[in-house]
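Take a look at the structure below.
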Amino acid sequence: MKDIAALAGSPHYPRPRVVLVGLMSAACLWAAGLGAAEVLTNSYDEARTGANLQERILHPANVRPATFGRLYSYPVDGPVFAQPLIATSVQIPRVGKRDVLYTATAANSVFAFDARESGAGPLWHRPLLSLPGGVLAEPRGILGTPVIDRTTQTIYLVAGFLQGDRGRFLLHALDLRDGTDRPGSPVEIAGSVTVDGTTVHFTPTVSRVAVQRAGLALAQGHLVIAFGGDYFEGWVFSYNTLRLEDKPAAYCTTCASRIAAISHVDYLDPSCTYLGPGGGIWQAGRAPVVDARGLVYFFTGNKAHIVRGGCLIPQGSNACAVCTTPGGCPCEGGRSQKLCRGPDTCTANESHDARVFDTNESLIQLDPGHGLVLRGWWRPVNWNADGPEGLEKNDLDLGGSGPLLIPGTRRLVGGGKQGVVYLLDVDGADPRCVPSLRERCLPAAAENPLQSFAIAPPPPEPQTYYRHLLGGPVLLRPAQGRGPAWVYLWRENDNLRGYAVTERFEGCDGGHPGATASHDCPAEARSADFIDHHPGGILALSANDGDPASAVLWAYTHHIGGGPGRLMAFGAVPDAGAPGQLVRIWDSDLCAGDQIESGADFAQPTVANGRVYLATAAGRVDVFGVLPSRDCAARPAASGPGPLLQ
């Protein structure tokens, strides 16, 4: 495999011509206002492909150490975990039309910057530091990626607060041009569901913490917002964008278990219940897939029934049960907190009329246009299994990442913390079908999953747990006649991998699947680079009109706990001279001045119009692009802490 520094000056990549062409293209693109790409939502589009296929400037020839690097940074007031967004030709008062970068921070601020200039300060800055009526509260951050509606020139976002022991969340609809609130904005997020005649309210507290981490989405004229949290159930809300003040529709993943008469557990009793019922939606920050019908799709997280020391563990007989004694067993606990797992972790509860049931560890299909009704769902067969591959028993939740929709099909691709990838058919079932624990109403004519495979074997102990797929898949769709589509994945403790895909993964063997999988699907190509820590690689892809020769695959990673970040670039399709290899062509760790001080959890790189905008936890957005030819002075590789439990 060729060294990337050598490639930068090879005869195939003459540096002076590449730089001049790249810079001229950027100047002409912006001056003419032609072909400029917008990034209005998390993962670039509603299918969550993670790809900008309108990138006219960056390509493998100019993304090289001698010609590409950090240009500047936009300073902000806190860590950035949401993906930066781009809107073009926005009319800014007293300034004129600008291409604008929008970024939200963990300090509850929104910034708008000129996307092609540095040093001038923000076009506008909107701190969101108070509750309705001007009541001050502790900011908890804007963590989920906002979404932009260009038709109404509005950016929607959710700001979190802690007021005393109560968690509160405000939905804001801001004018793209100046950051002012739209009529009806803000509104406090609140709602409830009904289970067997009992109303269950959305009531986050300091001990039952809700987190708004998944990106926001627009579907059927509604804004879709999801919540998760280790101590909290999963919630989804749907707001009519024309009347935000109206009561939202609500869906809850495990509220059936909140009814003690059903689960036989009082999850709101802090004296004996430490954790649960769970089933949160976080997807490592990914927004839900929105299909052509306006239906939305989420992966949900694991359930939890954790009992405090000194209390009784209920009797049970499933894989999560640790007590078989009638009347229960005292919890002595094996950890410093003296906690024990309860059997309800591996139980899917339902209401007496069977209409409301637990959908933890599941794919859920919701209809925002009809009150967030559940249209269909699916759950892996090993969700409550015993042994090392049981999802609930081993904290290997499916919702560790979110799915991708293969455009032009009704096939979803995705996986979670088990490191198993699923290909799922989401074609509609009979509209009269009513989902229940016994009826999934998805799909109409095939049994899911169509394919499932382990990306790679689990790493050896003590790292076996760290096989999570958190960045989710990204997709390259070449123009017709230019080869197959590619799906890319970068799991923890593994190499970057690329797979050929049509409506199925190609080259798979159904005769020798791994544990809990239906197939063995070897990668068509992989990198020599290996990430041995959380969160693996958070991926994005750029290409010019789907031309594989122009495609660049971007991978962002960092050591958690405030460690340094690292951005890498790969040719997205193997060269003829290196079949089966995804060759790294650029690396922020290689040249002095390109290093990333502190990486941001799960933040996808935003690639648009010759720039790569990267969220960081260092209070800035770093911007990379084509540079005049430079000498690349190597710097020592960054180091950081090892993987931690997440």
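The values are calculated or read from the model by the stated rules, or taken from the named source; none is laboratory data. Since the structure is predicted, the reported quantities are computational estimates derived from the model, not experimental observations. Here Cβ is always computed from backbone atoms with ideal geometry, including for glycine, and neighbour counts include all displayed protein chains. Remember, those area values only see protein heavy atoms, side chains included, never the ligands or the DNA or RNA. Shrake-Rupley method; radii C 1.70, N 1.55, O 1.52, S 1.80 Å.
Could you state the number of Å between the C-alpha centres of the stretch 164-194 and the stretch 518-569? Rounded to whole Å, the Cα centres lie 35 Å apart. Spread over its residues, the convex hull of the C-alpha atoms of the stretch 480-611 is 137 Å³ per residue.
Please give the calculated 222 nm ellipticity per residue for the chain, where each DSSP H segment of at least 4 residues contributes -39500 (n - 2.57) and the sum is spread over every residue; nearest 500 deg cm²/dmol?
Details: 4 runs with 31 residues, N = 646.
One gets -1500 deg cm²/dmol as the mean residue ellipticity at 222 nm.
Under 18 Å of direct C-alpha separation, and excluding same-chain neighbours fewer than eight residues apart, LYS303 reaches these lysines: LYS393, LYS417. Shape annotation for the stretch 588-637: C-alpha extents along the principal axes are 30, 28, 15 Å, from largest to smallest. Please give me the summed charge of the neighbours of PRO459: other residues whose Cβ is under 9 Å from its Cβ, Lys and Arg +1, Asp and Glu -1. Value of the local net charge: -3. Relative to the longest principal axis of the Cα atoms of the chain, helix 15-32 runs at roughly 70 degrees. In percent, rounded to a whole number, the relative contact order of the stretch 94-147 is 34, using alpha-carbon pairs under 8 Å and six or more apart.
With only Cα atoms counted, the stretch 252-394 has Rg and Dmax values of 16.3, 52 Å.
Could you estimate the translational diffusion coefficient of the stretch 22-162 from the Stokes-Einstein equation, with Rh from the Kirkwood formula over C-alpha pairs, at 20 °C and 1.002 mPa s, in whole µm²/s?
Details: Rh = 16.7 Å.
D, rounded to a whole number, is 128 µm²/s.
Each principal axis of the chain carries a Cα extent, and these read 78, 62, 51 Å when sorted largest first.
Work out which GluC sites (Glu not before Pro) in the chain are exposed loop sites (DSSP not H, G, I, E or B, at most 15 other Cβ within 10 Å) and give the longest gap free of them.
My reading of the result: 507-646 is the longest stretch.
Normalised by the empirical 2.2 N^0.38 Å for globular proteins, what value does the Cα Rg of the stretch 314-396 take? My calculation over the Cα atoms of the stretch 314-396 gives 1.35. All other residues whose Cβ lies under 12 angstrom from that of LEU391 are scored, Lys and Arg at +1 and Asp and Glu at -1, for a net of -2.
Over all other residues within a Cβ to Cβ distance under 13 Å of LYS417, the charged ones net out to -3, with Lys and Arg as +1 and Asp and Glu as -1. Between the stretch 347-366 and the stretch 478-494, the alpha-carbon centres lie 34 Å apart.
Within the accessible area of the chain, the carbon and sulfur atoms contribute 52%, probe 1.4 Å, all protein chains present.
Descending by average beta-carbon neighbour count within 10 Å, the peptides 301-307, 146-152 line up as 301-307, 146-152, the highest first.
Once the chain from SER89 to ARG355 is taken as fully extended at 0.36 nm per residue, the excess over their C-alpha distance is 91.0 nm. In this structure the amide hydrogen of THR409, modeled in the peptide plane, comes within under 5 Å of no amide hydrogen from residues 5 or more places off or on another chain. In the context of the full set of protein chains, the chain has a per residue accessible area of 36 Å² (1.4 Å probe).
Are there trypsin sites (Lys or Arg not before Pro) in the stretch 505-586 that DSSP puts in a loop and that have at most 16 other Cβ atoms within 10 Å, and which ones? The partial results should precede the final answer.
Values: sites: ARG526, ARG566, ARG584; in loops: none.
The qualifying sites: there are none.
Return an integer: the convex hull volume of the alpha-carbon atoms of the stretch 353-433, in Å³ per residue.
Numbers: hull volume 9.6 nm³, N = 81.
Residue-normalised Cα hull volume stands at 119 Å³.
For the stretch 36-109, applying the loop criterion from DSSP together with a ceiling of 14 other beta carbons within 10 Å to the trypsin sites (Lys or Arg not before Pro) yields ARG94.
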